[in-house]
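Colleague: Sharing a structure with you now.
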Amino acid sequence: MSQKIQAVRGMNDVLPSDAPAWQRLHAVAAEVFAAYGYAEIRLPVVERSELFKRAVGEVTDVVEKEMYSFEDRGGERLSLRPELTAGVVRAGIEHGLFFNRQQRLWCSGPVFRYERPQAGRYRQFHQLDVEAFGIATPDLDVEIIALAEALFRRLGVGGFRLQLNSLGTPAVRAAYRAKLVDYLRRFESSLDEDSRRRLSTNPLRVLDSKVPATRAILEGAPQLPDHLDAPSRAHFEAVQRGLSDLGIAYALNPRLVRGLDYYTHTVFEWTSTALGAQDAVCAGGRYDGLVEQLGGPPTPGIGFAIGVERLVLLMRAQEVPLPEAGPQVYFCRFGERADPAAAQLAETLRRRLPGLRLLLNAGGGALKTQLRRADASGARYALILGDDEAAAGRVQVKSLRGEGEPRSVAVSELPAQLAELLELPLLS
């Protein structure tokens, strides 16, 4: 016997029992994003590796250690996308979306990072991504954060904490970086291995360390907000006022820096204590230089990404109501005349009853067998059509959940009967 093939580690199947939560999340997200004026864009999964090196940063963990990269048959160096923002910017530049125009966009789909799989973090995971371009003022920062809050509220998921910080301009961050490095060099031998490596490549990432000894050292480190210039401080204060005006609570976190090099000014995370160590559900911020950095016109930008798997975990934990899945009606059929008649009637019912979920038996089987299938499907009602019923122009309607006796219904009256039983609209 040959060895069975399993999914790649960290790349998971979404089974039919899990799909309703994903469907609900994406349906609500599309409605909320449209309500705020954001249009959908769809992107390729594979991009040139150079895009992520230039956008995300060559010395970030994402590019150095986590990207799935390969050389194709034409000799091009390509990567499975590790995030979505860089692709949105590339598409905007390529198709001229940023020339003298404001853009509000969203997209979704799988992204790939070679990380240690754990709850809510996988090697193939999925993101909802929202991006806005061409507006440098803090009112857009407030709108973007409020948009995430609106999605959580519409889904019925709660218990979030919004953390907020400002990285200021690139010049501010460079000056702060030098002060942070000077401070950390004094404790270099006591830092954890990752932090010692980052000290020479990406020192702001040391602020993200979860190692207790390193966190203790960071208690005395200079804090970035204390080094903001006047324009950066004014921008950040305006963001805070805007959030307060909308009743959105937040906590300032001077250590919040995000893991990608392109961020400037406002950065934020929505976190939940229900997810353990991987507590960030939504994260983002401003990246006012990224479009120009990738060859486009000077264009301010801001956005966020939501981890779909993590949000689905929260939806389950908080028992968010989900749409019903599976058939409402199972159509049993048997007999030479009944088989084609049932297929035609099933199509008529689906056309006249929008929203009807009807499963038509296939593969034959005795009535007893078909009724067992009907019960196992979770359907509320079984329709039964044999040759005798087909000749008489009638169908038996049987409740599978103990709701009264079976009844014989004329084929012409069946759509109206099902519409009443299932509370569905009926088309003429």
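Colleague: Please specify each residue of region 1-19 satisfying the condition of being surrounded by 12 or more Cβ atoms within 10 Å (Cβ to Cβ) and either among the small types (Gly, Ala, Ser) or within 14 Å of the chain's Cα centre (by Cα) (or both).
Modeller: Gly10, Val14, Ala19
Colleague: Shifting gears a bit: So, in region 389-428, how many residues would count as being surrounded by 12 or more Cβ atoms within 10 Å (Cβ to Cβ), among the polar types (S, T, N, Q) and under 41 Å from the mean Cα position of the chain (by Cα)?
Modeller: Within region 389-428, residues that are surrounded by 12 or more Cβ atoms within 10 Å (Cβ to Cβ), among the polar types (S, T, N, Q) and under 41 Å from the mean Cα position of the chain (by Cα) number 2.
Colleague: Does any residue of region 290-306 turn out to be free of Cβ contacts under 8 Å to residues at least 40 places away in the same chain, assigned by TED's automatic domain parsing to the domain that holds Asp129, under 27 Å from Val257 (Cβ atoms) and not hydrophobic (A, V, I, L, M, F, W, C)?
Modeller: Among the residues of region 290-306, at least one is free of Cβ contacts under 8 Å to residues at least 40 places away in the same chain, assigned by TED's automatic domain parsing to the domain that holds Asp129, under 27 Å from Val257 (Cβ atoms) and not hydrophobic (A, V, I, L, M, F, W, C), which makes the answer yes.
Rundown of residues vs (1) under 29 Å from Arg198 (Cβ atoms); (2) in contact with a helix residue (DSSP H, G or I) (Cβ under 9 Å, 6 or more places away or on another chain), yes/no style:
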residue	(1), (2)
Ala21	no, yes
Arg24	no, yes
Glu31	no, yes
Arg48	yes, yes
Lys65	yes, no
Glu71	yes, no
Ser79	yes, yes
Thr85	yes, yes
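Colleague: On the basis of being surrounded by 14 or more Cβ atoms within 10 Å (Cβ to Cβ), over 30 Å from Val281 (Cβ atoms) and acidic (Asp, Glu), does Asp375 make the cut?
Modeller: In short, no.
Colleague: Another question, then. For residues that are without any contact (Cβ under 8 Å) to a residue 40 or more places away in the chain and in contact with a Lys or Arg (Cβ under 9 Å, 6 or more places away or on another chain), scanning just region 218-235, find the one that is farthest from Arg185 (Cα to Cα).
Modeller: The selected residue is Gln223.
Colleague: Scanning region 123-137 for residues that are surrounded by fewer than 21 Cβ atoms within 10 Å (Cβ to Cβ) and more than 17 Å from the chain's Cα centre (by Cα), which turns out farthest from Leu290 (Cα to Cα)?
Modeller: Applying the filter and picking the extreme gives Thr137.
Colleague: Regarding region 40-59, can at least one residue be identified that is exposed (fewer than 15 other Cβ atoms within 10 Å of the Cβ), outside the structural domain of Gly156 (by TED's automatic domain parsing), part of a loop (DSSP other than H, G, I, E, B) and touching a strand residue (DSSP E or B) at 6+ places or on another chain (Cβ under 8 Å)?
Modeller: no
Colleague: Look at Gly285 and say whether it is of a type in the set (Gly, Ala, Ser) and surrounded by fewer than 16 Cβ atoms within 10 Å (Cβ to Cβ). Can you show your working first?
Modeller: Details: of a type in the set (Gly, Ala, Ser): yes; surrounded by fewer than 16 Cβ atoms within 10 Å (Cβ to Cβ): no.
Judged against the criteria, Gly285 is not a match.
Colleague: Looking for whichever is among the β-branched types (Val, Ile, Thr) and over 30 Å from Gly284 (Cβ atoms) here; the options are Val308, Val397, Val312, Val320. Which one fits?
Modeller: Val397
Colleague: Sticking with this structure for a sec: Given the residues Val320, Val257, which is the only one that is at pLDDT below 95, under 24 Å from Pro222 (Cβ atoms) and not in a helix (DSSP H, G or I)? Can you show your working first?
Modeller: On the way: Val320 fails: under 24 Å from Pro222 (Cβ atoms).
None of the others qualify; the one that does is Val257.
Colleague: What is the number of the single condition among (1) surrounded by 14 or more Cβ atoms within 10 Å (Cβ to Cβ); (2) closer than 27 Å to Leu313 by Cα; (3) in contact with a strand residue (DSSP E or B) (Cβ under 9 Å, 6 or more places away or on another chain); (4) in contact (Cβ under 8 Å) with a residue 60 or more places away in the chain that Val62 does not meet?
Modeller: So the condition that Val62 fails would be (3).
Colleague: Something else about it: For region 374-406, give me each residue that is closer than 22 Å to Pro323 by Cα and either in contact (Cβ under 8 Å) with a residue 24 or more places away in the chain or among the aromatic types (Phe, Trp, Tyr) (or both).
Modeller: The answer is Ala374, Asp375, Ser377, Gly378, Ala379, Arg380, Tyr381, Ala382, Leu400.
Colleague: Do we find a residue being in a loop (DSSP other than H, G, I, E, B) and either over 18 Å from Glu336 (Cα atoms) or charged (D, E, K, R) (or both) anywhere in region 361-376?
Modeller: The answer is no, given that none of the residues of region 361-376 is in a loop (DSSP other than H, G, I, E, B) and either over 18 Å from Glu336 (Cα atoms) or charged (D, E, K, R) (or both).
The values are calculated or read from the model by the stated rules, or taken from the named source; none is laboratory data. Only a predicted model underlies this, so the values are computations on that prediction, with no experimental measurement involved. A quick note on method: Cβ atoms are made from the backbone with ideal geometry, for glycine too, and the neighbour counts reach across all protein chains shown.
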